[in-house]
């Protein structure tokens, strides 16, 4: 006969084993058909062919626009595919980001794309500068212009890493402990000439 006391003694080990049996799971942030779980200026975004499309080819884009998750994330690995169509394309993926109240802008890290910023880490509305980035000539060798590309964004503690089409473009350690390490994910289309930014297969794994 096993006593009640012996069961209690084995409880911590049992809980540890249960915890180890649940590995990190991929979470789809976009279901391909609806804006469930997202918020922002919906007049600037639409869903087409299983993708979130920002901007338009029919008119200039007067200001930056952001579609953000309602959920907040801290340490994670984010994977998504994107393409940009137009002459002077400029967009990005925000993370560990906050919306600025009563304003179209957000504040936080951005995995940048377009122009001379492909694969760079930019600090949107805060320090307003590129924090780290690759050699432009090298990264342009892997960019698919006007076609689908893949971003992998990994944020773990103070370390941020970016991969663009399999090429590591950023390995950055944040030295400012006052910078927040949680926030929303947001998809950007930058102000400027007519263009479209397409996003699809958006998945995150919390670490």
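Got a sec? Which strands (runs of 3 or more DSSP E) wholly within the range 114-207 have at least 1 residues that are touching a strand residue (DSSP E or B) at 6+ places or on another chain (Cβ under 9 Å) and closer than 21 Å to residue 81 by Cα?
Values: elements: 121-124, 130-132, 149-156, 159-164, 167-173, 184-189, 195-206.
Passing ranges, in order: 121-124, 149-156, 159-164, 167-173, 184-189, 195-206.
Within the range 155-178, track down each residue that is at negative phi, surrounded by fewer than 19 Cβ atoms within 10 Å (Cβ to Cβ) and in contact (Cβ under 8 Å) with a residue 60 or more places away in the chain.
Result: 156, single match.
Have a look at 106, 89, 93, 139 and point out the one that is more than 17 Å from residue 153 (Cβ to Cβ) and out of contact with any helix residue (DSSP H, G or I) (no Cβ under 9 Å at 6 or more places or on another chain). Write out each step before concluding.
Details: 106 fails: more than 17 Å from residue 153 (Cβ to Cβ); 93 fails: more than 17 Å from residue 153 (Cβ to Cβ); 139 fails: more than 17 Å from residue 153 (Cβ to Cβ).
On inspection, the qualifying residue turns out to be 89.
Mind checking whether some residue in the range 86-95 is outside any strand (DSSP E or B) and either crowded, with 19+ Cβ neighbours inside 10 Å or at pLDDT 95 or above (or both)? Reasoning before the result, please.
Filtering the range 86-95 down to residues outside any strand (DSSP E or B) leaves 87-90.
Those still in the list that are either crowded, with 19+ Cβ neighbours inside 10 Å or at pLDDT 95 or above (or both) too: 89-90.
Among the residues of the range 86-95, at least one is outside any strand (DSSP E or B) and either crowded, with 19+ Cβ neighbours inside 10 Å or at pLDDT 95 or above (or both), which makes the answer yes.
Just need a number here: residues in the range 123-154 that are buried (at least 18 other Cβ atoms within 10 Å of the Cβ) and within 22 Å of residue 205 (Cα to Cα).
So the answer is 4.
The values are calculated or read from the model by the stated rules, or taken from the named source; none is laboratory data. This structure is a prediction, so every number in the text was calculated from the model and none was measured. Reconstructed Cβ throughout: ideal geometry from the backbone, glycine too, with neighbour counts over all protein chains shown.
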